[in-house]
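As structure tokens, the structure follows; a few thoughts come after it.
Laboratory data are not the source of any read-out in this text; all were calculated from the coordinates shown. It should be emphasised that the depicted structure is a prediction, and the values quoted were computed from it without experimental measurement. Counting neighbours? That spans all protein chains shown, and the Cβs are built from the backbone with ideal geometry, glycine included.
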Amino acid sequence: MRQPEIPQPGGMRDQAQSRQAACRMQPSLLKSGIAVTFLRGLNVVIGFALLAVLTRALGPDGLGIYAYATTFLMLAAIPISYGWAPLILRAAARALQDGNWPPVKYMFRRARLIAAIVTAVALGGGLLLAWIAPAGWPAAAGLTIALLLATIFYFDQLSALRTALLRGVGQAAQGQMPEMLVRPGVQLFILLVALVTGVVTLSLEFIFAALAVASISAYVFGAWLLSKSAPADLTQSVEAEHDPAWAKGAKVLALSAAITMVNANTDLLLLGVIGTLEDVGLYKVAVQVSLAGALVYTSLNMVAVQRFATGYAAANFQEMQKTATVSARLSALAVVPLAIVLLIYGERLVPLLFGEAFAAALAPMLILTFAQFINAGSGMGRSLLMATGLEDVVAKTALLALAVKIAACLALIPSYGAEGAAVASALSLIVWNGVLWWLCWRRHSVDTSAVGWSFTRPQ
């Protein structure tokens, strides 16, 4: 049986030097945050253009179907994108400290194998869904759509693993470039060419086909980036033997993420069940616009989670506090301009961007933007707890938030539709962030909020 390489005493100095060099390669939090924010800013611009095309091509009902399909893709992605990917990120961040790269190599290979298996299962589920699709859903929801969704899913999962690895070694900007620019850019380009030339009708089949081509393009470009940016210690190391603890860790992370993802999408899913596909379409637009306010939050989060992991590994809680405070303040401040624009110009801007059929999306849009301000100002408690090995605790808090959202959705959606779903989402976020803040303070003496109180860590 092959055993992992064990560094010899004579090589300890080289190993330490290698770790130091790797750490020096990590850009500062602000520099990394600016780079990722710039990428995500371009992503938001492309995303708005893409959403404008989709709203006009599909209308509220068609966009509702598109939103449902992409939501199910995200839920199917949980074992890889939210199970093995964060495990790889955490292991890579720790490897920068201790030089232990063989486990990272093993996790990367194992996750790719699981991605193929999950894709086959998801394809079978897609075919079953097409077979039992309710009346009113287009006949296009058949074999072609199922195959396209399976293709999108598979290449997106491979890209998620590559992104996690690059984020783990401090290359957050490079890790996000394929998904932030290439994937939406290629899809938008294909749709615009079809729209301008009129050669192809922008049907659901064609839109998903464009997304499949975009996903493959992002994967190819990302694979090239990884080949150029992967640490030499990783590529030169042998693959570690199987450790059951890694699979267990991935399961725990996936479970936590499953609860989180279900929580994040429960409002949309219940809206489709209790409300109408039109409500889903309106809500999808509201969500996408409100997420523009979370641009800085999500960008800094991608950088901060790696900082939390390395800071915790080094027992540097002062640095963790600094990272948390700066991230929360910048994130909360960044939501304010969007809120002001929507309050002053929203009644004219929303119909102009998305069409008159989506004018009713403004009210839930404002509610969700307020929720994003609360979320950003509360800080990155979930990421901090995940980076410090407390994913089981995060799962329990997510269950609480899910219970709050389900109860609120059931109470509000029948009477208020998309607006009720938005209020339910805001209430859930407030509760969840409050609990996460308290746990970060209690477990690590770190105030994740924008207030940034300094606590004395207990001995």
Going by amide H atoms built from the backbone, whose H comes under 5 Å of the H on VAL446, apart from near neighbours? TRP441
Can you figure out the FRET efficiency of SER445 with LEU352, using R₀ = 51 Å and their beta-carbon distance, to the nearest 0.05? 0.55
Quick one: Cα centre-to-centre distance for the stretch 315-377 and the stretch 80-103, in angstrom? 31 Å
Cβ-defined net charge surrounding ALA115, 13 Å radius [Lys, Arg +1; Asp, Glu -1]: +3
Give me the distance in nm between label points sitting 7 Å out from Cα along the Cα-to-Cβ direction at LEU42 and VAL336, one decimal. 2.8 nm
Once you list every other residue whose beta carbon is under 13 Å from the beta carbon of LEU362, what net charge do they have if Lys and Arg are +1 and Asp and Glu are -1? -2
In order over the stretch 102-114: 3J(HN,Hα) from phi, Karplus 6.51/-1.76/1.60, θ = phi - 60°, whole Hz, x for each Gly or Pro, gives x, x, 4, 5, 5, 4, 4, 5, 4, 5, 5, 5, 5
Take LEU399 and GLN318, extend 7 Å from each Cα along the Cα→Cβ direction, and tell me the distance between the two endpoints in nm. 3.9 nm
Could you tell me the largest-minus-smallest coordinate of the C-alpha atoms of the stretch 272-344 on each of the three principal axes, in descending order and whole angstroms? 51, 32, 15
Just to be sure I understand the model, the point goes 7 Å from the Cα along the line to the Cβ. What's the resulting VAL200 to SER415 distance in nm? 4.7 nm
For a quick check: with amide H placed at 1.01 Å from N, whose amide H comes under 5 Å from SER203's, ignoring anything fewer than 5 positions away on the same chain? none
Working out 0.36 nm times the residue gap between ALA49 and ASP392, then minus their Cα-Cα distance, what length gain in nm do you get to one decimal? 119.6 nm
Calculate the length of the line joining the C-alpha centroid of the stretch 388-459 to that of the stretch 266-301, in whole Å. 18 Å
P(r) for the stretch 26-444: what percent of alpha-carbon pairs falls in each 20 Å bin, starting at zero? 26, 62, 13, 0
